[in-house]
Structure formats: C-alpha cells, structure tokens
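A quick write-up on the structure given underneath.
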Amino acid sequence: MSDTLSRITLARRPKGDPVPEDFKLETGACPSPAEGDVLIEVTHLSLDPYMRGRMDEAKSYAPSVDLGGTMTGQGVGRVLESKADDFAEGDIVTGMTGWASHACLPGSELRKLDPSLPPSTALGVLGMPGLTGWVGLHSFGKPKKGETLVVGAATGPVGSMVGQLAKQMGLRTVAIAGGDEKCRLATDTFGFDAAIDHRAHDDAKSLRAAIADAAPDGVDIYWENVGGKTLEAVMPLMNVHGRIPLCGMVAWYGGSNIATENQLPGMWRNILVKRLQVSGFIIFDHWDQYPAFLKDVAPKVAAGEITYIEDVATGLENAPDAFIAMLKGGNTGKQIVKL
Ligand SMILES: NC(=O)c1ccc[n+]([C@@H]2O[C@H](COP(=O)([O-])OP(=O)(O)OC[C@H]3O[C@@H](n4cnc5c(N)ncnc54)[C@H](OP(=O)(O)O)[C@@H]3O)[C@@H](O)[C@H]2O)c1
C-alpha cells in the first residue's frame, strides 16, 4: 500500500472560467483510520459541473472549498483498512472522497457497491446525475405521453437519462448538444427523435427556428441544464402550462456573462402569460428516493434499455484539465477520472 496521498487543491478562486493555475497537485502522508473510519484507495473520481460553483466564495446551497482545501467530489474506491462495522478490506465503496488518491471517511458516510455493476456507474448513470434526471423528470417535469421535451447538454449523464426516460414514456424528445458527433450520439445511442447542434447557431433566434422545426407541436417540458442562448431560444416555444425543471445553467457557470447574455424580462413574461411551472431543485433534497431509483433503473441499465457513455481521463494530475474542458463541452458522456 502506498503511504503517500496525492490531492488536487484549490490554489486560487477563478475569475470567470477556471484555468489550470487555479489548481495545485499536492502530496502528503496517507491518513490512518480512527475508530469508525475507513481508509479508501480511490479508483474513480467524478467530475461534475456543480464543482465550479464550489470554487467561488459566493453563498450557495453548499459550502465553498477553502483556499488550499481539497477539491470536493464523489469517488469510488477500494477499502484498504476498516475500523468501521460493515466494511472490510477489499470492499468497493463510494463516498465524498474529494479529488484525492486516498480518503479516510466515517463508515456512516460510505455506501458499498453492487459488485456485479461497473464501479464507475455509481458516479454517473446509477449515481447522482442519473438520480437527478429520474427524480426531476417524474417530480417536476410530470411527463405525459404525446408531449414534447427539449433538453440541453443532452448527451451528458443528466440529459441522456432524462431523454431516455421521456422517450420510453412516449414523449417526443429533442436534444440540444454541442457538435455533429454529440448530435449523432443523441439520436443513435440515446434514442432522441431529433438533435440540434447549438454551436451551429450564432444566436437564439436561429436556434429557436431549428427547435421549432424539431418540435412542431411546441414544447411541453424544457429541461433546463444550460441557460444562455438555449433558454432564450426555447422560452417563446413553450406551450401553455408547460413545465421547466430548473436543474442547472452550465453556460453561465463562468459567471462573467450573466448580466449581458440573457434577456430575463422577456423570458419571465413567458412564464407569466403561459402560466408555466418552473421548479428549481437540488438533488440533495431527494436522496430518499435513491432506493426507488435504483430499483427502477439498475435493471434497465443491466438489460441495455438505458444506455450510458463515460469519458475517462487517466491520472489525478489530469483532473483539472478534464474539468476545465467539461465545462466547455469537451467531454462526451459522464466525465470520470481513473486513478
Ligand atoms: N440540480 C441538481 O441537483 C443537479 C444535479 C446534477 C447536475 N445538475 C446540473 O445539470 C446539468 C448537466 O449536468 P451533467 O453532469 O449531465 O453535465 P455534462 O453534460 O456532463 O457536462 C456539461 C455539458 O454542458 C454543455 N455546455 C457547456 N457549455 C454550454 C453552453 N454554453 N451552452 C450549452 N451547453 C453547454 C456541454 O455539452 P454540449 O457540448 O453538448 O454543449 C458540456 O458537455 C449541469 O448544469 C449541472 O450543474 C444539477
């Protein structure tokens, strides 16, 4: 067993989009587990858009990462040593390990994984992003057969879960994705009825015309992952009593363009006159539904009825570059780092 721990820390707070200098690779001694703790060797790390928000000092639904602190995140790993009941050396577990080669966590904060499934699925299709799509679609999207759903970041772990579930429930599904390759994945791999490349449209008006062609009966559910040009394009196409699960707004996570790129007055007027339901939700409030999600979705993943794609970077030292690229669409599928 290695007695050296490597970790990626927050070296400084980013101004706008993060850059490599905002991160630092540090090494130190590996911790020893106290009574009730488990020492894990991390094998897979999840990179998620929400981590951008944790790099800021701004008040949010979860605390910021301290300067010099380990970047926050969920990992999967192998138990090296356990001083907690219910865990033994060799178990494969998941928990909030941070961007690090090893983590020492209380057993109460870990979950043992089903060894019949690839461990990385606990970070994507059968983890937090998959649960987000499943909970949000059922609870806030309230899909009905025959309706039309539009989702951005459609080939990512959230968007692809939403699209596949909605299609299976008899909705028309329209993907918004970045580039030809992702549009092909959306239709051929994830079964969307149509896919539109947002990067091929310079402005919201042009993107709106393409969405209108793909959604001739208007939009009943706009699953909001991205904000920006896509939100502006979709709003006027919403049908009366449409629903907008407000899951994320990754186009704005860089922060510098929030005040200039959107046209909030017009968008909010659409919400009013069409009596739309816009539901913000954070998945932390819905973990109680995780067993029901797994019961429903895990067999579908095993049977190939729900498919998934992972984009795997190798080596902890490459986590910052993979994260920076993901925020600009450089990933295809769930971004994982294999250690
Ligand atoms: N509310 C919650 O509890 C919760 C939980 C999980 C995730 N989320 C949110 O859900 C969204 C999707 O998460 P994910 O994990 O599935 O991420 P993801 O799709 O793997 O990664 C982000 C994707 O966003 C797209 N993107 C980036 N900049 C964009 C822009 N300017 N315009 C349009 N699309 C852009 C890119 O895809 P393209 O190349 O296709 O554009 C990129 O690959 C994020 O906003 C995330 O914060 C919220």
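The values are calculated or read from the model by the stated rules, or taken from the named source; none is laboratory data. Only a predicted model underlies this, so the values are computations on that prediction, with no experimental measurement involved. Note that we place each Cβ from the backbone using ideal geometry, even for glycine, and neighbour counts take in every protein chain shown. The area values use the complete protein model at the heavy-atom level, side chains included, leaving out ligands, DNA and RNA. Shrake-Rupley method; radii C 1.70, N 1.55, O 1.52, S 1.80 Å.
A few remarks follow.
- Excluding ligands, DNA and RNA, the accessible surface per residue across the range 128-283 is 40 Å² with a 1.4 Å probe.
- A probe of 1.4 angstrom, applied to the heavy atoms of all protein chains, finds F87 with accessible area near 30 square angstrom.
- Choice from H102, H44, H201 showing the highest fluctuation, given a GNM over the chain with Cα pairs closer than 10 Å: H201
- Euclidean distance of C-alpha centroids, the range 276-339 and the range 131-196, integer Å: 14 Å
- Computed on the Cα atoms alone, the convex hull of the chain gives a volume of 129 cubic angstrom per residue.
- Trypsin sites (Lys or Arg not before Pro) lying in DSSP loop within the range 137-234, provided at most 15 other Cβ fall within 10 Å: K144, K145
- Lysine pair count for the range 128-283 with Cα-Cα distance under 17 Å and sequence separation of 8 or more or different chains is 5.
- Taking only protein heavy atoms and a 1.4 Å probe, the accessible area of the range 1-114 is 48% carbon and sulfur.
- With Cα atoms, 0 to 90° folded angle of helix 264-273 axis to the chain main axis: 70 degrees
- Most to least accessible of H241, H286 (protein chains only, probe 1.4 Å): H241, H286
- The figure for D86 is an accessible area of roughly 120 square angstrom, using a 1.4 Å probe on the protein chains alone.
- Principal-axis tilt of helix 157-168 within the chain, Cα atoms, nearest 10 degrees: 50 degrees
- Sorting E224, E57 by accessible area puts them as E57, E224; the probe is 1.4 Å, largest comes first, and only protein heavy atoms count.
- Accessible surface of the range 128-283, 1.4 Å probe, proportion on carbon and sulfur as whole %: 55 percent
- Listed by chain and number, the aspartates and glutamates whose alpha-carbon sits under 17 Å from that of K295, ignoring those within fewer than 8 places in the same chain, are D114, E305.
- Relative contact order of the range 189-339, pairs being alpha-carbon contacts under 8 Å that are 6 or more residues apart, as %: 17 percent
- Across the alpha-carbon atoms of the range 184-339, the computed radius of gyration and Dmax are 17.7, 51 angstrom.
- Mean residue ellipticity (222 nm) of the chain, computed from DSSP H runs ≥ 4 via -39,500 (n - 2.57), nearest 500: -7500 deg cm²/dmol
- Taken about its Cα centre, the chain carries a charge dipole of roughly 1200 debye when the Cβ of each Lys and Arg holds +1 and the Cβ of each Asp and Glu holds -1.
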